[in-house]
Amino acid sequence: MRVVRAEQFGKPDVLVVEHAPDPEAGPGEVVVGVRVVPLLFLDTQLRRGWGDAWFTLELPYIPGSGVAGVVVSVGKGVDPAWVGRRVVTDTGAQGAYLQKAAVPVENLIPVPEGLGLQEAAALMYDGRSAMRLAELFPVRPDEWVLVLAAAGGLGSLLVQLAHAAGGRVIGAAGGKRKIDLVRELGADAVVDYTEPGWSGQVRSLTGGRGPELVFDGAGGRIGRAAFDMIMEGGMFSAHGAPGDRFAPIEPQEARSKGVMLSGVDEVTLSGAEARRLTAEALSEAVAGRIRPVIGHAFPLERAVDAHAELEAREILGRAVLLV
Ligand SMILES: NC(=O)c1ccc[n+]([C@@H]2O[C@H](COP(=O)([O-])OP(=O)(O)OC[C@H]3O[C@@H](n4cnc5c(N)ncnc54)[C@H](OP(=O)(O)O)[C@@H]3O)[C@@H](O)[C@H]2O)c1
């Protein structure tokens, strides 16, 4: 089978297409024929060598950690009725930019009728994280919710969920294409944080009081500016660090403003809880309550271009690889 490997840490062109032996399903496992791989912004950061405080990667490695596809074979002890079923699944340490993955059967999340594999792949991580954040920070009608990196994979779902819950949503993103998308997704107001004065706009939209709830997918200085304007007693999810730095906020500062602060650990999910939340996101999409935005689908062989576009912040919503 073909795989994409990072031979070293560095620019997108460290990714090379190679051949590897097809995996076999061991006892309790299935082999998934991969059709779609969700590309996370995080994949580009790990490829550059960032994130060793949280992730252990040994070179060479296959990037990614989840796929959507069809079960092609089962190992000993696994119900053969799985063969032919459409699933999404975590692939663990073997990576995900590959044509076939052997995974434990308990990792499989069936893709419901009526949902395409591209959509399911796009929702695999963003959907579970968005569902988790919606549980942690239930949006109350009419409260002001600021979503940063609102045109991204996760942000675009948070805009939709907060809007559906009756919140007054301010979507913040970089550039016209992105803020146009955020408006289409249901934001009541949009701001472009690549323009000066964006935080003043948020303050005036909220009548000077600041947002009650901030979903910070941007981190760094943008996240910090949002914390500085959040309403006393508000809630702040500091889960984003696409510029390599989470919003610099001391827990003590949050306590003194009465702000409930949570970090990326709250959306770092695994096991049964992660599968429950992904399955919920897939059902929400079938019911039409959330819509993943697939900004670009690249063939597996063009992983280098995909990473370059992601890093250049050119992608709307989620990008995927087609295998
Ligand atoms: N997806 C998940 O399930 C999940 C789970 C836990 C944590 N997170 C974290 O949450 C953040 C957003 O997640 P995502 O996966 O949905 O990514 P994404 O929003 O699809 O992509 C990242 C976006 O961040 C924005 N951004 C802001 N400041 C940036 C900077 N300094 N450098 C580069 N981009 C910057 C860019 O959008 P603009 O051009 O509009 O600024 C960029 O497109 C990431 O840090 C991610 O690791 C995501």
**Fill in**
Note on the chain: contact order normalised by length, alpha-carbon pairs under 8 Å, 6 or more apart, percent, works out to 19 percent
**Message:** Can you find, among 158, 233, 222, the residue sitting farthest towards the positive end of the charge dipole of segment 126-267, where Lys and Arg contribute +1 and Asp and Glu -1 at Cβ?
**Reply:** 222
**Request:** Show the residues, 5+ positions off or on another chain, whose built amide H is closer than 5 Å to the amide H of residue 143.
**Result:** 168
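Rg to Rh ratio, the chain, alpha-carbon atoms and Kirkwood radius? Kindly include the intermediate steps, with their values, before the conclusion.
Details: Rg = 19.8 Å, Rh = 20.1 Å.
Rg/Rh for the chain comes to 0.98.
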**Item:** For residue 29, residues with placed amide H under 5 Å, excluding near neighbours
**Value:** 75, 76, 105
**segment 2-86: chymotrypsin sites (Phe, Trp or Tyr not before Pro) falling in loop per DSSP and having at most 16 other Cβ within 10 Å** = 9, 50, 54, 55
**Spacing of the two label points (7 Å from each Cα toward its C-beta) at residue 232 and residue 164, in nm** = 3.5 nm
**Item:** the chain - charge dipole about Cα centre, Lys and Arg +1 at Cβ, Asp and Glu -1, debye rounded to 20
**Value:** 400 debye
**Request:** Name the shape class, rounded, prolate or oblate, that the alpha-carbon gyration tensor gives for segment 126-267, where a ≥ b ≥ c are the square roots of its eigenvalues, rounded holds for a/c under 1.5, and otherwise prolate holds if a/b is larger than b/c and oblate otherwise.
**Result:** rounded
**Prompt:** How many angstrom separate the Cα center of segment 289-318 from the Cα center of segment 190-239?
**Reply:** 26 Å
**Prompt:** How large is ³J(HN,Hα), in whole Hz, for each residue of segment 192-208 in order, when computed from phi with the Karplus curve 6.51 cos²θ - 1.76 cosθ + 1.60 and θ = phi - 60°, using x for Gly and Pro?
**Reply:** 9, 7, 8, 9, x, x, 5, 6, x, 5, 5, 4, 6, 4, 8, x, x
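What 222 nm value per residue comes from the helices of the chain, counting each DSSP H run with n ≥ 4 as -39,500 (n - 2.57) and dividing by all residues, nearest 500 deg cm²/dmol?
Mean residue ellipticity at 222 nm (helix-derived): -9000 deg cm²/dmol.
Take peptides 154-167, 183-196 and line them up by average Cβ neighbours within 10 Å, highest first, as a rough protection proxy.
Values: 154-167: 24.5, 183-196: 17.9.
Highest to lowest by the protection proxy: 154-167, 183-196.
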**Fill in**
Of the residues 254, 172, 109, the Cα lying farthest along the dipole of the chain towards its positive end, which is defined by charges on the beta carbon of Lys, Arg, Asp and Glu, belongs to 172
**Prompt:** Measuring from centroid to centroid over Cα atoms, what is the spacing of segment 165-179 and segment 28-88 in Å?
**Reply:** 31 Å
**Request:** Along each of the three principal axes of the Cα atoms of segment 37-121, give the extent in whole Å, ordering the values from largest to smallest.
**Result:** 41, 31, 20
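All of the numbers you see were taken from the coordinates with simple rules; none came from a lab. Computed from a predicted model, the values in this text were never measured in an experiment. Positions of Cβ are generated from backbone atoms using ideal geometry, with glycine treated the same way; all protein chains shown enter the neighbour counts.
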